[in-house]
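Notes for the one structure printed next.
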Amino acid sequence: MSGETSTADARRTPAEPRPAGTILLLRDVPEYQVLMVRRHHQIDFASGALVFPGGKMHPGDDDPRWRDHVTGWDEIDATQRALRIGAIREAFEEAGILLATYPDGRGFSSVCDAEARRNVDSGELAFLDVVAGLGVKLSLTALTVFARWITPEMMPKRFDTWFYAAHAPADQVAICDGHETVDAEWIAPESVLDLARSGARTVIFPTLMNVKLLAEADSAAGCLARADARPLVTVLPQVETRDGERVLTIPPDAGYGEVFQSLTELKA
């Protein structure tokens, strides 16, 4: 076994990873399920793939005015605040789910306005203004850190993605945006694995690994408890050569076991 990368990879300066946030929205009725969306086939990253709602951070995610429009501001550091606000924004844009509460503690349960979602996505409308106009506060403490993955250094586009898990609001309906996502569905983790194995759905490597972690639990509460108890080990896949084949490997102590993925299969 060799840990050496190719000469071409070694010469190229790796792209700087961009901060990103993703939410694993979980529910137990009618069964233990996670919300996943299917990426539009014309999107340049993970086109057509089954993914969790999420994406890269926007400049407004770290606006200091958010202090008055979130719960948990003083309990979370500045970096995590921006990441969680961004992840909640992405779920709002892509799936029409808003993790927020009214001042009296009631959870937001209305249908998210489709035009507002489009305008936030395009940058024409600040997400902060939407939240303020609704008179709600984003629930930052409702998110549990699930995992952190950084795109391998060989890739031209790289992301430093934080995965969060949360109970899905019981009274909200997930609706895809029709732009970045063309379908939104609640699906059992084991079913996602079956679809990936059969080739019926494309599931990219980081998503697949985290679905496998989801499948180790049998309820939303159980999944969150396992995530709380699991040490966070940042996953930066490395390229190695095993038996003459280049593969991606991830840290064995990250909670996924010993994993290696053929680069040929990733590009297929």
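The values are calculated or read from the model by the stated rules, or taken from the named source; none is laboratory data. Bear in mind that the values here come from a model prediction, so they are computed numbers and not experimental data. For neighbour counting, all protein chains shown are included, and Cβ atoms are generated from backbone atoms with ideal geometry for every residue, glycine included. The area values use the complete protein model at the heavy-atom level, side chains included, leaving out ligands, DNA and RNA. Shrake-Rupley method; radii C 1.70, N 1.55, O 1.52, S 1.80 Å.
Remarks
- SER109 being hydroxyl-bearing (Ser, Thr, Tyr) and over 25 Å from LEU26 (Cα atoms): no
- In the stretch 220-240, the residues that are within 23 Å of MET154 (Cα to Cα) and either among the charged types (D, E, K, R) or in contact with a Gly (Cβ under 8 Å, 6 or more places away or on another chain) (or both): VAL233, GLN238, GLU240
- Selection within the stretch 169-198: residues that are of a type in the set (S, T, N, Q) and open to solvent by 40 Å² or more (accessible area, probe 1.4 Å). The member of this set that is modelled with the highest pLDDT is SER191.
- Looking only at the stretch 156-168, and only at residues there that are at pLDDT 95 or above and out of contact with any Ser or Thr (no Cβ under 9 Å at 6 or more places or on another chain), the one that is nearest to GLY96 (Cα to Cα): ALA168
- Conditions (1) in contact with an Asp or Glu (Cβ under 7 Å, 6 or more places away or on another chain); (2) more than 16 Å from THR22 (Cβ to Cβ); (3) not hydroxyl-bearing (Ser, Thr, Tyr); number of the one not met by CYS112: (1)
- Within the stretch 95-110, the set of residues being free of Cβ contacts under 8 Å to residues at least 40 places away in the same chain and not small (Gly, Ala, Ser) comprises THR101, TYR102, PRO103, ASP104, ARG106.
- Taken over the stretch 113-135, the criterion of being open to solvent by less than 70 Å² (accessible area, probe 1.4 Å) and in contact (Cβ under 8 Å) with a residue 60 or more places away in the chain is satisfied by ALA114, ARG117, GLY123, ALA126, PHE127, LEU128, VAL131, ALA132.
- Residue within the stretch 75-82 that is within 21 Å of the chain's Cα centre (by Cα), buried (at least 22 other Cβ atoms within 10 Å of the Cβ) and in contact (Cβ under 8 Å) with a residue 60 or more places away in the chain present: no
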